[in-house]
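A short write-up of the structure that comes next.
The values are calculated or read from the model by the stated rules, or taken from the named source; none is laboratory data. It should be emphasised that the depicted structure is a prediction, and the values quoted were computed from it without experimental measurement. Here the Cβ positions follow ideal geometry from the backbone for every residue, glycine too, while neighbour counts run over all protein chains shown.
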Amino acid sequence: MAQYREEVARTTVEPAARVEQRVVEADGSGTRTVRTTTESASPAVSVTEYASAPSYTLDRGLGRFLRAAWFLLGLLEALLALRFVLALLGANPRNDFAAAVYGLTWPFVAAFRTLFPTPASGGAVLEVYTLVAMLVFFLAWWVALKMIGVVLDRSVEV
């Protein structure tokens, strides 16, 4: 742990020993504890000690990566939810918008398609496999996030 000592000259005379402690945030590298004491033998001089405390904050690169990954997961979940709603409401699969949503999400739901029976009525389809895919992708990302925290030995909540 790196420690620094700095002496600061005061222009006014302070009363007997005064101690002030505060925590100062450093940019991404951790926290510092700053302790200021006014020595009673020489009240015009105060001593400031800096000590680095351990930090559990994210570094900038990891934080950026995690925010981008959460964004992409949210985008995937939104597309899958849109697919589920379109199928449930019986959207025309030959429509350009519906075809684009089905085409973009097909690689993510294909593995789950035969997991459960798919009830249909008229044009409406209850795609339970899409809901399962949404759950599996969210849980997989949550487990990966927890593993990153275990490997780095710190909290990786954003």
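Data table
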quantity: Residue that is nearest to Leu82 (Cα to Cα) [pool: residues in segment 145-158 that are out of contact with any Gly (no Cβ under 9 Å at 6 or more places or on another chain) and either surrounded by fewer than 11 Cβ atoms within 10 Å (Cβ to Cβ) or of a type in the set (D, E, K, R) (or both)]; calculated: Lys146
quantity: Of the criteria (1) small (Gly, Ala, Ser); (2) at pLDDT 90 or above; (3) on the phi > 0 side of the Ramachandran plot, which one Gly122 fails; calculated: (2)
quantity: Failed item, numbered, when Pro93 is tested on (1) part of a helix (DSSP H, G or I); (2) farther than 30 Å from Ile148 by Cα; calculated: (1)
quantity: Members of segment 104-144 found to be among the hydroxyl-bearing types (Ser, Thr, Tyr) and surrounded by fewer than 14 Cβ atoms within 10 Å (Cβ to Cβ), listed by number; calculated: Thr114, Ser121
quantity: Segment 94-105 residues that are within 15 Å of Ala78 (Cβ to Cβ), paired with ones that are hydroxyl-bearing (Ser, Thr, Tyr) (beta carbon under 9 Å, 6 or more apart); calculated: Thr105/Thr130
quantity: Only one of Phe108, Phe116, Phe137 that is in contact with a Phe, Trp or Tyr (Cβ under 9 Å, 6 or more places away or on another chain) and in a loop (DSSP other than H, G, I, E, B); calculated: Phe116
quantity: Selection from segment 87-119 of residues that are among the β-branched types (Val, Ile, Thr) and more than 32 Å from the chain's Cα centre (by Cα); calculated: Thr114, Thr118
quantity: Test: residue in segment 137-156 that is without any contact (Cβ under 8 Å) to a residue 40 or more places away in the chain, touching a helix residue (DSSP H, G or I) at 6+ places or on another chain (Cβ under 6 Å) and not small (Gly, Ala, Ser); calculated: no
quantity: Top-ranked residue of segment 140-158 - restricted to ones that are in a helix (DSSP H, G or I) and small (Gly, Ala, Ser), ranked as modelled with the highest pLDDT; calculated: Ala140
